[in-house]
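So the structure is just underneath, and the comments pick up after that.
Derivation of every value follows stated rules applied to the coordinates shown; laboratory data play no part. Remember, it's a predicted structure, so these values are computed and weren't measured experimentally. Cβ sites come from the backbone with ideal geometry, for glycine too, and all protein chains shown count toward neighbours.
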Amino acid sequence: RPPGGLPQEFSETKASIVTRLFTNRRPVFIVAGLLIWGWWVAGLEPTIPTGDSGELTAAAYHLGVAHPPGYPLYTAVTHLQTLLPLGNIAFRANLASTWIMWLAIVMLAAVFRRWAVDLGWRGSAGGAAGVWGAFALTDRLQAHALEAEVYAFQIFWLAVVLWGIQRNRRGASG
């Protein structure tokens, strides 16, 4: 075996991919992200909870207009989720919020990780994933991930904006 401990049949490219995968700590974040998503799905509302969820679910299913401002992009994205043959329509609409919130926290993890590197913080990947997981499981964030509401979508767009600012800042600085 070569010094890296990989078998000889690995080419240098494969070895560099494997080395990069395990040195940048992505597996820790992937596992943490999947655990968070699983936790959310386990606690997902099976029917329509209180608030605007019923109106938003009906608007998404029928491609109608919810109360002003109507949330057309949320309605269209949630409508796609309601077409899947999983449970009832309310469950599918609630699941759409779970997916949207999960994408938001994945983007926020990328932003937080980059900020930590920029600030020179050298913590363990497990600690960073733990902080990220604790953030994802806060009471309010989790509540918005478990029901058909626009808040998960709004948090997703906030994450997109923060990610764009962070990428633009990195591009301008070097």
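So what's the gap between the Cα centers of region 75-91 and region 39-61, to the nearest angstrom?
If you average the Cα positions of each part, the centres end up 10 Å apart.
Could you compute the net charge surrounding residue 51? Neighbours are other residues with a C-beta less than 10 Å from the C-beta of residue 51; K and R count +1, D and E count -1.
Working: positive: none; negative: 52, 55, 147, 149.
Charge balance in the 10 Å sphere: -4.
So between residue 115 and residue 157, what do we pick up on full extension, going 0.36 nm a residue minus the alpha carbon distance?
13.3 nm
Grab the Cα-Cα distance for residue 138 and residue 83, subtract it from 0.36 nm times how many residues apart they are, and report the gain in nm with one decimal.
Stretched fully, the residue 138-residue 83 segment lengthens by 16.8 nm.
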